[in-house]
Amino acid sequence: MALAAVSLTGCNEAERLASQVEGTWSSTPQMLVNDAGSQATMVETITFERDSARTGGPVVIVGMVSSTGSMTGSDALVQPFEIAASAKSTVTGRWTAIDDDEIMLALDVANMSVAVDPSGLVISSNVLDGATQSNPEALKPQFASMVEAALRRQLLARYTSMTKLDDVKVKDNGSLLKFEIGKTDYVYSSQNPSAALNK
């Protein structure tokens, strides 16, 4: 009887947490890449949906990435140049609340999508003065593929390691979602209409 009571309590706690996190949450800009040659930030949106099990269901994570990078040149562009690009990533999977403050994630990273719009690329030569070149338009698809490949590597590493959310808390009348991955703290804001009404 005692074992059944503990099991029921754990189930109730997991379902309570699942009900609190259900919905859509967005981050402030997070640093994705920060090295000598390139920087990228990402605003991430996580949507938790619940299925009939009530303790989890499908999850969709969308990232809006802004990146800049400098290169020493190429056969087509001899002088140093900078690239500014925007990208969108999407990864799906499933989530399960396992107690009152832990969520397990199983993301389908093999089918993650990363898209860079070549028309949105800004290519600048003369890095010191920022003068924008108008002639490398034909190279934008090539540069877009380079940026996409670089971002895909970073995002793959990020989402492959995102298997568990610890110390999950919903605060401020349901307007903030806080959790840890490893030793890093994250804070996301609710995009749910009901949370806005509760502020």
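Throughout, read-outs are computed from the coordinates displayed, never taken from laboratory work. All of these numbers come straight from a predicted model, not from anything done at the bench. When we count neighbours, we look across all protein chains shown, and the Cβ atoms used for this are built from the backbone with ideal geometry, even at glycine.
Can you give me the distance in nm between label points at Asp35 and Val122, each placed 7 Å from the Cα along the Cα-to-Cβ direction?
Going from the Asp35 label point to the Val122 one covers 2.4 nm.
Label points 7 Å out from Cα along the Cβ direction at Thr96 and Asn192: separation in nm?
Output for this residue pair reads 2.2 nm.
Give, in nm to one decimal, the length gained when the segment between Ala110 and Thr184 is fully stretched (0.36 nm per residue of separation minus the Cα-Cα distance).
Values: separation 74, 0.36 × 74 = 26.64 nm, distance 2.45 nm.
My answer for the length gained is 24.2 nm.
Taking a spot 7 Å from the Cα of Arg152 along the direction of its beta carbon, which residues of the stretch 107-124 have an amide N less than 11 Å from it?
Label zone hits: 111-116.
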